[in-house]
Structures are given as C-alpha cells and as structure tokens.
Amino acid sequence: MVKVKCLNPIAQVGMQLFTPDYVEVENMDDADVVLVRSADMHCLEIGDNIKAIARAGAGVNNIPIEECSKKGIVVFNTPGANANGVKELVVASLIMASRNILDGANWVKTLKDDSDVANAVEKGKKKYVGNEVFGKKIGIIGLGAIGGRVANACNGLGMEVYGYDPFISVKGAWHLSRHVHHANSLEEIYRQCDYISVHIPATAETKGMICKDTMEMMKDGIIILNFSRDTLINDDDMEAALKSGKVKRYVTDFPNQKTVNMEGVMAIPHLGASTEESEDNCAVMAVKQLMDFMEYGNITNSVNYPNCDLGDTNNEERILINHLNKPNMISQFSAVFAKENINISDMINKSKGEYAYSVFDLDSSTYPSLLEQIAAVEGVKRTRTIR
C-alpha cells in the first residue's frame, strides 16, 4: 500500500488514476509520496519516510530541492503540461499590451457616470492608439515547451520571429516552425526586436539578465513580456527604462511589491497555468510519474535525479539505489551482489550533476543484510526494493 499526501487540492482526473494500492493520508509523517502544487514545503519537516515528491506544475521554487536530494527523495515536475495555457496567455498579453487594451478598458470604466458615454469614447480614444503585431519582430528567449509554442503562435500572427536557445532539445527543434529565425546571441535579439518574450529558468546565471546594460541595446519603445520568473528582471532598471520611454510596456505574470507600483507595467496574478485544462494535465502527468516510480522504480521528469527507465520487470527482484555521482559506485554494488552469489540480469545507471541513480534487476530475492551492505557503501542516499 502506497500512502499519498496531497498538500494542495489535485485535479480529480489525476487522482482517479491511482489504483486501490494507493491511499490518501492526512498526516505527512505517514506518507510515502507527496503531491503538491503551490504549497511552500521549505517550512515543513520532510521525513525519511518520503520517497518522492511530485509537483503538479513546472516550477519547483516551493520545494527544498537540495535537502530532498541529500535524503534520496526524487522530486518530479510536469514540464509541458501547462505549456498551451501559458502560450495562450502570452499571446493574449502581447496583443493587449501592443494595443493598449487594458488602459483603454480601465479608462472606459471612469466614464460610468457620463450621460453620453458613446460620444466621450469617440473623443478620447485617440489616447489609446496602439500598434499591430503583424510584421513586427519578436524575440523569444528560451525555446522549450512554452517558448517553442509561443514562437510558433507568433509566426502564425504574421510576426517575424527570432528564437534564442543554445540548449534547445532535438524534440524542441523538430516542433519549431521552419520560419523561426535562429538568433546566434542574446545581443541579436536585444538589438533587432520590437518585442521580447522571456521563457527560461530562474537561476543564479539568469538573475537580473534584463537590466540597464541589456535594455540599452534594445529599440526605443520595446515591449517586454516575462512569463518565467520576476527575478530575471532588474526591477529598478526596468522602472527607469519605463520612465524614460526606452521600454513602452512591461508585462509580468509575477507581480511583486515593486512592479505593482510602477507605471507602464501590466501585472497579471500568475495566471499562466491557471486553466482547468492545465491543472488536469499537470495532475495526470504527476500521478503517472509517481506510479511509475513507486511500482517500477522508473524516473521521468525529475529535477534532482536523472531520468532512468528500465521498463517493467519479470525478475525476482529489482533494487533501486539513490547515490552520489562518483567513481567506483557500480563496482561496489556489484561486489556486494557477487559476494552473496546473486546474479544481475539487467541494470541501468544514470547521473545528473552531483547525484546518480542505479537500478538492478536480480535473479533471486535479496534480504535485509544485503540491503544493509548496499546502504553502507559511502555515498548511498537511499535503497529500495520492488518485488
């Protein structure tokens, strides 16, 4: 029986995938796995009983990744499950910002006591003249699940699309429209485009990447859209650029105390993935990944341990080992099996940064003392068996 703790409400279309071998529990201390959306886990005590955490969404800022890694807890996310929802909001925001729709709509509300609204609108609407996006240049920074879709959608709007992503996957490249121009550098994006949309992870390297120096390269009156994380933008520099007119409009899905008080900002309350369809897709993906991990030991879309898939098993036993990524680990594990006269019928080992994951299919059953020998190998974080 696998015990599941949900820290947030998870869409029923996902929860219904659990078989009777899974049961939801109230107490996290009783759980084997955790499902979470936005709940902050940094303030929670995560016990050694937890084997995996699945985030029904892409961002994992609310999960203490390093702590989980050290404990051998596999953290999953659901990249791409909400990609279409975010893409639609980006496109809608692009047009709204370019056409001054939000400012115009807010102004109309001020006319509610005017006895002749229609006449007042005709007289005042010239203040909200905008620009069409057709034929304009847009730069997409990051061509992953979301950025690639945004690029293709903007191409469909008749825009001239420039994409920059030195780490684009083969799958991402195959799905990208052939009309998207490959930019060789960020500077090319900054200097050429009328609009820029950012779709990259928030890391130490990307923090504040849109700043005074980079904005000085951009065209006057540029519109910048940020549907990744607020830390990618230097807010003080953005405020100055908006005041000077260098940036015409800044659209962000991540409001903070600074941006909500800035003129020229269209702040959206983190609605990128807030669609019923996205929530359903994320729930289904998260649950499927947890079940595959708990039943077969396979890892798909983990942020701290490598993807690793040995498929189903018909062997007597499968042993799973979370460990540090360092030399001589596999030979030490094999030596333990050989010492106990246990044959390895199949195996796989993958690594991701500091951590690694090994799966062994064995021709005979193990016993507690063997697992203790494996766990005693320096660098092993967790062991588990599947029979």
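Select, from ALA81, ALA39, ALA31, the only residue that is farther than 26 Å from ILE321 by Cβ, surrounded by 17 or more Cβ atoms within 10 Å (Cβ to Cβ) and either in contact with a helix residue (DSSP H, G or I) (Cβ under 8 Å, 6 or more places away or on another chain) or not hydroxyl-bearing (Ser, Thr, Tyr) (or both).
Details: ALA39 fails: surrounded by 17 or more Cβ atoms within 10 Å (Cβ to Cβ); ALA31 fails: farther than 26 Å from ILE321 by Cβ.
Just one listed residue meets the conditions, ALA81.
Selection over the range 57-80 of residues that are aliphatic (A, V, I, L, M), modelled with pLDDT of 95 or more and assigned to a loop (DSSP other than H, G, I, E, B) gives a count of 2.
Mind listing just one residue for me: the one in the range 343-353 that is of a type in the set (S, T, N, Q) and in a strand (DSSP E or B) and, of those, modelled with the lowest pLDDT? Don't jump to the end; show me each part of the working.
Within the range 343-353, the first condition is being of a type in the set (S, T, N, Q), and the residues that meet it are 343, 345, 349, 351.
Narrowing the set further to residues that are in a strand (DSSP E or B) leaves 345, 349, 351.
On the way: SER345: 94, ASN349: 98, SER351: 97.
Among those residues, the one meeting the criterion is SER345.
Restricting the range 100-123 to residues that are of a type in the set (D, E, K, R) and in contact with a helix residue (DSSP H, G or I) (Cβ under 8 Å, 6 or more places away or on another chain), which is surrounded by the most Cβ atoms within 10 Å (Cβ to Cβ)? Among those residues, the one meeting the criterion is ASP103. In the range 257-274, the residues that are closer than 19 Å to GLY104 by Cβ form Cβ pairs under 7 Å with partners that are among the aromatic types (Phe, Trp, Tyr) and at pLDDT 95 or above, at six or more places apart or across chains, as follows: GLY264/TYR250; VAL265/TYR250. Note on the range 302-321: among residues that are touching a Phe, Trp or Tyr at 6+ places or on another chain (Cβ under 8 Å) and in a loop (DSSP other than H, G, I, E, B), the one that is surrounded by the most Cβ atoms within 10 Å (Cβ to Cβ) is TYR305.
Counting only residues that are over 36 Å from the mean Cα position of the chain (by Cα) and in contact (Cβ under 8 Å) with a residue 12 or more places away in the chain, the range 328-338 holds 2 of them. Consider the range 124-142 and keep the residues that are exposed (fewer than 10 other Cβ atoms within 10 Å of the Cβ) and either in contact with a Ser or Thr (Cβ under 7 Å, 6 or more places away or on another chain) or not β-branched (Val, Ile, Thr) (or both). The one that is modelled with the highest pLDDT is PHE134. Just one of the listed residues (GLY72, GLY85, GLY57, GLY104) is under 19 Å from LEU271 (Cβ atoms) and touching a Lys or Arg at 6+ places or on another chain (Cβ under 9 Å), and it is GLY57. Residues that are within 11 Å of VAL265 (Cβ to Cβ) and part of a strand (DSSP E or B) within the range 221-236 comprise ILE224, ASN226, ILE233, listed in sequence order.
For (1) of a type in the set (Gly, Ala, Ser); (2) closer than 20 Å to LYS70 by Cβ; (3) surrounded by 16 or more Cβ atoms within 10 Å (Cβ to Cβ); (4) in the same structural domain as GLU67 (by TED's automatic domain parsing), each residue gets a yes or a no:
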site: HIS323; (1), (2), (3), (4): no, yes, yes, no
site: GLN332; (1), (2), (3), (4): no, yes, yes, no
site: ILE344; (1), (2), (3), (4): no, no, no, no
site: SER351; (1), (2), (3), (4): yes, yes, yes, no
site: SER358; (1), (2), (3), (4): yes, yes, yes, no
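Examine the range 146-158 for a residue that is surrounded by fewer than 23 Cβ atoms within 10 Å (Cβ to Cβ) and either modelled with pLDDT under 95 or within 30 Å of ASN61 (Cα to Cα) (or both), and state whether such a residue exists.
yes
With respect to the conditions (1) surrounded by fewer than 19 Cβ atoms within 10 Å (Cβ to Cβ); (2) more than 23 Å from the chain's Cα centre (by Cα), ALA183 falls short on a single one, namely (1).
Can you name the residue in the range 281-301 that is surrounded by fewer than 23 Cβ atoms within 10 Å (Cβ to Cβ) and not hydrophobic (A, V, I, L, M, F, W, C) and, of all such residues, is farthest from GLY379 (Cα to Cα)? Of everything passing the filter in the range 281-301, LYS288 is farthest from GLY379 (Cα to Cα). If you go through the range 354-372 and keep only what is at pLDDT below 95 and either among the hydroxyl-bearing types (Ser, Thr, Tyr) or in a loop (DSSP other than H, G, I, E, B) (or both), you end up with ASP363, SER364, SER365, THR366, TYR367, SER369.
Within the option set HIS182, HIS175, being without any contact (Cβ under 8 Å) to a residue 24 or more places away in the chain, farther than 22 Å from LYS248 by Cβ and assigned by TED's automatic domain parsing to the domain that holds SER93 holds for one residue only, HIS182.
The residue pairs whose first member lies in the range 75-96 and is farther than 23 Å from TYR195 by Cα, whose second member is surrounded by 19 or more Cβ atoms within 10 Å (Cβ to Cβ) and among the basic types (Lys, Arg), and whose beta carbons are closer than 9 Å, counting only pairs six or more residues apart or on different chains, are VAL75/ARG55; PHE76/ARG55; ASN77/ARG55; THR78/ARG55.
The values are calculated or read from the model by the stated rules, or taken from the named source; none is laboratory data. Fair warning: this is a prediction, and the values are worked out from it, not measured in the lab. Note that each Cβ is placed from the backbone with ideal geometry, even for glycine, and that neighbours are counted across all protein chains shown.
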